[in-house]
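Some notes on the structure that comes next.
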Amino acid sequence: MKKFKFGDIKLKRATPQQLTERLLLLNLYITQGLTLIIGLIWILFQKRNPFQVLNFPDSGHFVAWGLGLAGIMLVVDFLLSFIVPEDTMDDGGINDLLFRKRPVWHIFLIAVVVSVCEEFLFRGAMQYAFGPYWTSILFAVIHVRYLRHWIPTGWVFLSSYGLGYTYILSGSLWAPIVCHFFIDLFSGLVIRYRRES
């Protein structure tokens, strides 16, 4: 029997042309699961209760905070699409591959999973430790597909900072979750139906 060695594992970068929809979805769900687990462990190491971090607020003000920020972000994103060249905002075709043939229910599911997992880690755990500025730098860095151009990288940083600030002002993690969910849902639906028309 051949002995397994970790050194034999070779990782290589895949271009969007090499990715299949199935491989991309598998990668998405695995990374979101890891994001959730890391966030949970981090919060536990902070000696905090993860259920309190996700505590649902008594009032619905968090929805207004989340949708208000989402509206501002969508307007800025719309304006950027007219001001900067299209190839500057290109993510290498990842979002197109992810959403263009996806059914609406699955776009909804992806938006829920991504918004809850990422906000749980970044706003719920990291921001508690590092504050919104350094958390936003880390958030921009993990969105590596945008790092080739400074405009989308800067936009991801500002969006993350807005999410962090909304979390502080609203006092609820659900405000950035609502915002993140709405942005991802709207963007996914635009990509899906733009391709069909």
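The values are calculated or read from the model by the stated rules, or taken from the named source; none is laboratory data. This is a predicted model, so every value here is computed, not measured. Heads up, the Cβs are rebuilt from the backbone with ideal geometry, glycines too, and the neighbour counts pull from every protein chain shown. Keep in mind that these areas ignore ligands, DNA and RNA; they rest on the heavy atoms of the full protein, side chains included. Shrake-Rupley method; radii C 1.70, N 1.55, O 1.52, S 1.80 Å.
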Open item on the list: When the residues of region 42-75 are narrowed to those that are β-branched (Val, Ile, Thr) and in contact (Cβ under 8 Å) with a residue 40 or more places away in the chain, which ends up most open to solvent (accessible area, probe 1.4 Å)?
Closed with: 72
Open item on the list: Checking the conditions here, which among 168, 191, 107 is modelled with pLDDT of 95 or more, over 14 Å from residue 70 (Cβ atoms) and open to solvent by less than 50 Å² (accessible area, probe 1.4 Å)?
Closed with: 107
Open item on the list: If I ask for residues that are under 18 Å from the mean Cα position of the chain (by Cα) and part of a loop (DSSP other than H, G, I, E, B), which ones from region 66-99 would you list?
Closed with: 90, 91, 92, 93
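Output the residue which, of all residues in region 93-104 that are more than 21 Å from residue 158 (Cβ to Cβ) and not hydrophobic (A, V, I, L, M, F, W, C), is surrounded by the fewest Cβ atoms within 10 Å (Cβ to Cβ).
Among those residues, the one meeting the criterion is 103.
Mind listing whichever residues of region 122-147 are surrounded by fewer than 20 Cβ atoms within 10 Å (Cβ to Cβ) and touching a residue at least 40 places away in the same chain (Cβ under 8 Å)? Give the derivation first.
Filtering region 122-147 for residues surrounded by fewer than 20 Cβ atoms within 10 Å (Cβ to Cβ) gives 128-131, 133-134, 137-138, 141-145, 147.
Matches in region 122-147: 128, 129, 145.
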Open item on the list: Can you pull out every residue in region 77-88 that is in contact (Cβ under 8 Å) with a residue 60 or more places away in the chain and open to solvent by 50 Å² or more (accessible area, probe 1.4 Å)?
Closed with: 77
Task: Scope region 171-188; condition open to solvent by 40 Å² or more (accessible area, probe 1.4 Å) and either in contact with a Cys (Cβ under 7 Å, 6 or more places away or on another chain) or more than 23 Å from residue 92 (Cβ to Cβ) (or both); matching residues - done: 171, 174, 181, 182
Open item on the list: Within region 17-41, take every residue that is open to solvent by 40 Å² or more (accessible area, probe 1.4 Å) and part of a loop (DSSP other than H, G, I, E, B) and give me the one that is farthest from residue 188 (Cα to Cα).
Closed with: 18
